[in-house]
Every structure is written in structure tokens, then in C-alpha cells.
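The block underneath contains the structure these notes are about, expressed in C-alpha cells.
The values are calculated or read from the model by the stated rules, or taken from the named source; none is laboratory data. Just so it is clear, the structure is predicted and the values come from calculations on it, not from any experiment. Methodologically, a virtual Cβ is constructed for each residue, glycine included, from the backbone with ideal geometry; neighbour enumeration extends over all protein chains shown. Surface areas here come from the heavy atoms of the whole protein model, side chains and all, with no ligands, DNA or RNA. Shrake-Rupley method; radii C 1.70, N 1.55, O 1.52, S 1.80 Å.
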Amino acid sequence: MRIPGTFVLILSAFAFVVSTAFAQPDVATHAAKAKTAALDEEIPVDPRITVGELENGLRYYIRENRKPEDRAVMRLVVNAGSILETDAQQGLAHFCEHMAFNGTKEFEKLELVNYLESLGMRFGPDLNAYTSFDETVYKLTLRTDTAEVFEKGFLVLSEWAQNVAMKGEDIDDERGVIVEEWRGGRGAGARMRDEQFPILFKNSRYAERLPIGKMEIVKNFEYETLRSFYDDWYRPELMSVVVVGDFDNDVVEGYIKEYFGDMTNPDNPKTREFFDVPDHDETLYAIATDEEAGRTVVTVYHKLPKAPEGKVADYRDRLIDMLYGRMFNKRLAELAKQAEPPFLMAQSGKFGLIRTKDAYALLALTKDDGVEEGLEALLLEAERVRRHGFTESELERAKAEMLRQIESSYNEREKTESRSYVEEYTRNYLEDEPIPGIEYEYELWKRFIPEIAIEEINAKSDGYLTEKNRVVMVSAPEKEGLETPTEASLAAVFDRVGETDVAAYEDEVSDLPLLDAELQGSEIVDEKTNEEVGVEEFTLANGVKVVAKKTDFKNDEILCAATSPG
């Protein structure tokens with residue numbers, strides 16, 4: 001689970017299965033192991049998840065969950081995206097995704113979408129897909145209160161996995177659709193990104209395999225060029241099926257074995273390669289402007305080696321990352337609240353950049369003519385942390401906030417939506433993100449956060465803030481009279497900060513009470529109940545009206561809002 005902290009009935013006799021399903025100890029016993037787990041131990045899988053693998057290599061994840069009721073959230077995850085395209089296939093990973101909705105062996109063109117929409121499912125929220133550099137994911141949400149409807153969802157996923165029709169006339173029809181999608185997405189952000197990504201991913205395959213591809217290829221490729229991509233990469237050993245929802249676990253496992261067990265892999269499959277972004281000693285600059293750009297943003301990326309996640313020690317290290325990011329972002333927020341701030345908003349954080357690289361980034365939203373000022377403020381705060389570190393008082397507050405955060409997540413664990421679990425298990429398949437369950441993670445947080453020392457936090461700066469593998473990106477509007485930053489002007493900011501005598505941060509915390517006087521209440525002069533929506537309304541003697549509604553949406557939350565007309 002990633003806690004935000006920074007930046008159906010019959011098993012086919014022919015579906016032979018190699019089971020890797022995990023044992024089902026009770027959750028309390030599973031969670032208790034986190035209290036004493038050795039740092040070099042592998043993080044276990046939540047016992048409420050059934051994780052299995054068919055003989056053909058397809059992996060599946062199943063979990064029963066009642067939020068929302070009578071619904072199942074389903075994913076077909078294909079571990080292949082635009083990064084695997086040949087020169088002649090640029091854009092065809094995304095084209096394959098489109099063709100999945102244009103007819104399969106069992107569903108004629110538009111029949112699938114029309115059928116699902118007839119059940120109340122909506123294209124977008126309930127039926128969708130996306131293609132990225134490294135994966136293609138198909139999304140489906142279905143009712144489970146009707147067995148026939150629910151079972152058909154597995155047929156749909158299996159059709160996408162192996163039986164997309166790829167008819168010539170449908171391919172030709174879809175060329176224009178994708179060109180229009182490309183044209184509609186050619187806003188300022190996309191145009192600037194196309195200039196910046198080849199620099200961010202310099203000398204790597206990522207620089208030349210944007211998922212939307214090249215339109216001259218999309219408009220002119222031979223049918224077999226598309227079909228070969230589908231045949232090469234849509235194979236069970238590169239797939240996972242993820243299903244979470246209100247159903248019987250055994251029924252779903254039976255469906256997966258029935259609908260996917262007979263899929264086969266090619267005799268001589270292509271190797272699924274993983275590509276890196278080469279290191280570079282110099283700082284790279286990616287400055288892009290556009291007449292339609294609506295804001296000015298400067299970002300400093302520090303590309304880092306991919307951090308492991310599988311062991312208990314890796315999880316502890318990630319908590320250190322989160323504490324670092326939380327404290328640094330508090331300092332940036334303070335700067336943004338000044339009377340004349342150097343930026344409108346700023347943030348920092350560590351994240352996965354691609355499958356083989358992480359990144360630590362500093363970002364500021366600045367005034368159109370304030371790029372250098374905003375960048376300097378970012379770098380000065382980063383340098384302040386690197387030279388002097390954080391304070392013990394900052395760390396204690398960050399620890400208290402994080403412990404309260406995980407406690408809230410733990411208390412709300414029975415209200416977690418199925419969609420959240422599905423996304424988490426998808427990341428486990430694609431990126432090996434641990435999935436031990438909130439109870440186990442709660443114990444790790446309570447165990448490790450109190451013991452993390454300030455020295456461990458401060459040591460992170462030297463790993464994050466390096467000159468090697470650094471990329472500075474600027475996105476800004478192109479306006480008459482507005483001077484665009486240059487590589488030289490940005491480099492001068494780095495030089496200036498490096499020569500500055502940066503003072504240590506002073507943590508000024510007020511010990512004054514939140515309120516310096518006892519509040520005087522006001523009598524209720526009128527009250528009434530709206531039975532239809534379950535709302536109580538109170539009118540106070542001072543004229544204030546109070547509207548209150550009790551809900552069970554969350555176990556540990558009260559939401560308040562106040563308005564005054566005029």
C-alpha cells in the first residue's frame with residue numbers, strides 16, 4: 001500500500017494450474033510478525049489476497065471487498081507498452097489498445113461497448129484502458145449481483161488478451177480516431193513535453209518511444225505490422241488479471257482458470273527487455289515555451305538508481321524518504337506564505353521515474369518572469385538542508401503527523417474502495433510494490449518511525465541532491481516582452497547558490513494556545529429535521545444557521561465548512 005506522504009462457477013477440466021496461492025493465516029497473526037521481522041526478511045503478502053499463477057505464466061490477484069457493494073473492479077494488465085515497439089511500430093502499442101474496443105472473436109465492433117452501456121456501465125469510469133511506456137492496462141467495472149453479467153466480464157478480458165479481431169477495415173477507421181486524439185492532445189503541455197522528454201531521457205529508448213507515437217506511422221502502417229505487435233507481446237506470461245469486489249473468491253478463481261487457462265505462449269517468444277536511461281555527469285537543461293502555456297514551472301530532476309522495495313529494510317528506508325519529503329515540503333510551504341513569496345507553490349519528493357530509475361525532484365510554480373528567483377529559492381532550501389540538516393523539533397512533528405496518518409488509514413481499513421486495492425495489486429505485478437496489507441504496514445510504521453534518527457534523515461541529502469544525472473526543466477508561456485530563461489542564466493543560479501553562506505534553519509514554534517479566550521456559545525432558537533435527506537438544521541440566537549448530517553462513510557472523520565454571503 002502506498003500511503004501518500006510527499007511527492008464463475010465451473011473449473012474447466014483443461015485449465016491446468018501451477019498454484020502459488022498463499023496460505024491464509026489470520027490477519028492478526030500476520031500483522032504481529034511485523035513487530036519482530038528481521039530487516040533482511042521479505043515483506044509478506046496480505047493473506048486476504050489470493051495470488052496465483054496459471055501454467056501458462058498468467059498471474060492473478062483476487063480479493064473479496066464489499067466497497068462498493070455488488071460491484072467488481074477488474075483489470076487485464078499487459079506488461080508491454082510503447083517501449084517495445086520497433087521503429088516501424090511507433091504508436092502501435094496504443095493502437096492495439098484502441099482495437100480492443102473495435103471487435104473481437106466473440107464481440108462484433110461496438111457490440112461490447114453497447115452491451116456494457118446497456119447494463120449501466122459508463123465508458124470512462126467503468127470501461128477504459130491506457131497505454132504507457134511499459135504497460136497497457138484494460139479497466140472494467142461490473143455488477144456482481146447477476147451471475148451472467150459478472151461472468152461475461154471474464155470473457156471480455158480474455159477476448160482482449162487473445163482474440164482482438166484486427167480487421168483491416170476497422171484498422172483503417174481507427175487511424176483517423178487516433179490522429180484526432182493526437183490532435184486534441186496537442187495542447188501547450190504536450191508540445192512542450194515533446195521537447196523536454198528527449199532531454200530528460202537523453203540517449204535512451206524512452207526519448208523516442210512516446211506512447212502516442214508518430215502520426216506518419218499511424219496513418220500508413222501495414223496491417224501486419226500492428227498484428228505482429230499484438231501477437232508478440234499479448235501473451236499470458238506477460239499478463240495479469242486483477243479482480244477485487246463483492247463476490248465469492250472461489251467463483252472468481254474458477255472463472256480465471258476457465259477463461260485464461262487455455263491461452264498459450266509463442267514457441268519462440270521475443271525477450272521482454274527493460275531499458276535504462278544512461279547516466280550523465282553534466283546538468284541538462286530542457287527549456288520549452290509555448291504561446292498557449294498557462295503557467296510557468298521550473299523542475300529540477302535528480303535521476304537515481306531504482307531503490308529495492310521487497311525487504312523489511314527497504315520499507316524502513318522508504319519511511320525515511322517520506323519523513324524527509326514531509327519536512328522539506330513544510331519549509332517550502334512556509335516560503336510560499338510570505339508576503340512576497342519567491343514562488344506561488346513548491347514541492348519536492350522522491351518517486352519512480354521509469355521501471356529502472358527513481359528520481360528526486362524539486363518543483364516550483366513561479367511568476368512568468370520569476371523562474372530564476374523561484375529556482376534560487378528552491379536550491380537555497382535544498383542547500384540549507386544539505387549543509388545543516390533538519391532539526392529534532394521538525395522531525396518530531398513529522399513523526400507525529402505520519403503516525404496519525406497511518407492510524408487514520410488503519411481505522412478506515414474496512415471502508416477502503418476496491419479500486420484502491422486494484423491499483424495497488426497492479427503495481428505489485430508491474431513494479432514489485434509490496435502488498436502486505438494495512439495491518440502489517442501499521443505495525444511497521446509504529447515500530448520504525450519512533451526509532452528513526454535525525455542523522456538518518458539528514459544523510460539522504462547527499463544521495464538526492466547530486467550534480468550527476470541532474471536535469472532542469474522549464475515550461476513557460478511565450479509572450480512579447482517576456483524574456484525566456486537561458487541555460488546560462490539557470491546555470492548561474494546554481495553557481496550563486498553554491499557560493500552563498502546559507503544559514504541554518506530556525507524552527508520557530510509558537511507555544512501559544514490555539515484560542516486565547518474561551519468561546520461564548522449562542523442558544524439554539526429553532527431546530528428542524530429534513531427526514532428525506534437525514535439532515536438536522538439549527539438556528540442560533542446570533543443568526544448563524546447550522547446544518548448537520550451524520551454519516552458512516554468513514555470511521556474517524558468530521559468535515560466542516562462555513563460560508564458567509566456577501
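Results, tabulated for the structure shown:
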quantity	calculated
Sequence of Val51, Val547, Val45 when ordered by accessible area, the most exposed leading, probe 1.4 angstrom	Val547, Val45, Val51
Pairwise FRET efficiency - Asp26 versus Val525, Cβ, R0 = 35 Å, nearest 0.05	0.05
Cut-off under 5 Å, modelled amide H: who pairs with Lys306 long-range	Asp358
Accessible carbon and sulfur surface of the range 88-134 relative to its total accessible area, %, 1.4 Å	51
For Pro125, net neighbour charge (Lys/Arg +1, Asp/Glu -1) across residues whose Cβ lies under 12 Å away	+2
Residues of the range 403-424 with amide N under 12 Å of a point placed 7 Å along Cα→Cβ from Lys330	403
Note, ³J(HN,Hα) from phi for the range 388-397, Karplus 6.51, -1.76, 1.60, rounded to Hz, x at Gly and Pro	10, x, 8, 9, 4, 5, 4, 5, 5, 5
Square roots of 5 times each gyration tensor eigenvalue, C-alpha, the range 407-556, largest first, Å	46, 30, 24
For the range 442-456, 3J(HN,Hα) per residue [Karplus equation, 6.51 cos²θ - 1.76 cosθ + 1.60, θ = phi - 60°, Hz, x = Gly/Pro]	4, 5, 5, 4, 5, 6, 8, 4, x, 8, 5, 8, 4, 5, 5
Nearest-20 debye value, the range 96-172 charge dipole, Cβ charges on Lys, Arg, Asp, Glu	120
Helix-only [θ]222 nm of the chain, DSSP H runs n ≥ 4, -39500 (n - 2.57) each, per residue, nearest 500	-11500 deg cm²/dmol
Sulfur and carbon atoms: percent of accessible area, the range 333-421 [1.4 Å]	48
Distance (nanometres) between label positions extended 7 Å along Cα→Cβ at Asp358 and Glu396	2.9
Amide H partners (placed H, <5 Å) of Glu478, local residues excluded	Asp290, Glu291, Glu292, Ala293
Cross-link reach list, lysines versus Lys33, counting only Cα pairs under 18 Å and skipping chain neighbours closer than eight places	Lys311, Lys446
Where the range 38-139 is the region considered: accessible area per residue in Å², 1.4 Å probe	37
Heavy-atom surface of the range 461-566, accessible at 1.4 Å and reported per residue (Å²)	81
Cα-centre dipole for the chain with unit charges at Cβ (Lys and Arg positive, Asp and Glu negative), debye to 20	500
Accessible area in the full protein assembly, largest first, 1.4 Å probe, for Cys96, Cys560	Cys560, Cys96
Residue-normalised accessible area of the range 232-330, expressed per residue, 1.4 Å probe, Å²	40
Nonlocal amide H pairs with Ala286, under 5 Å, H built at 1.01 Å	Val472, Met473, Val474
Cβ-placed point charges (K, R +1; D, E -1), dipole of the range 490-533 about Cα centre in debye, nearest 20	280
Dipole of the range 211-307 [Lys/Arg +1, Asp/Glu -1 at C-beta], most positive-end residue of Pro236, Gly254, Leu284	Leu284
Tail fraction, Cα-Cα pairs, the range 18-138, threshold 18 Å, whole percent	70
Unit charges at the beta carbon, dipole of the chain: most positive-side option, Val27, Gly187, Val493	Val27
Dipole-positive endmost among Val533, Pro513, Thr416 within the range 403-544 (Cβ charges, Cα centre)	Thr416
Per-residue HN-Hα couplings for the range 346-357 [Karplus 6.51, -1.76, 1.60; θ = phi - 60°; Hz; x = Gly/Pro]	8, 7, 9, x, 9, 7, x, 7, 9, 4, 10, 9
Cα gyration tensor, the range 289-404 - rounded (a/c under 1.5), prolate or oblate	oblate
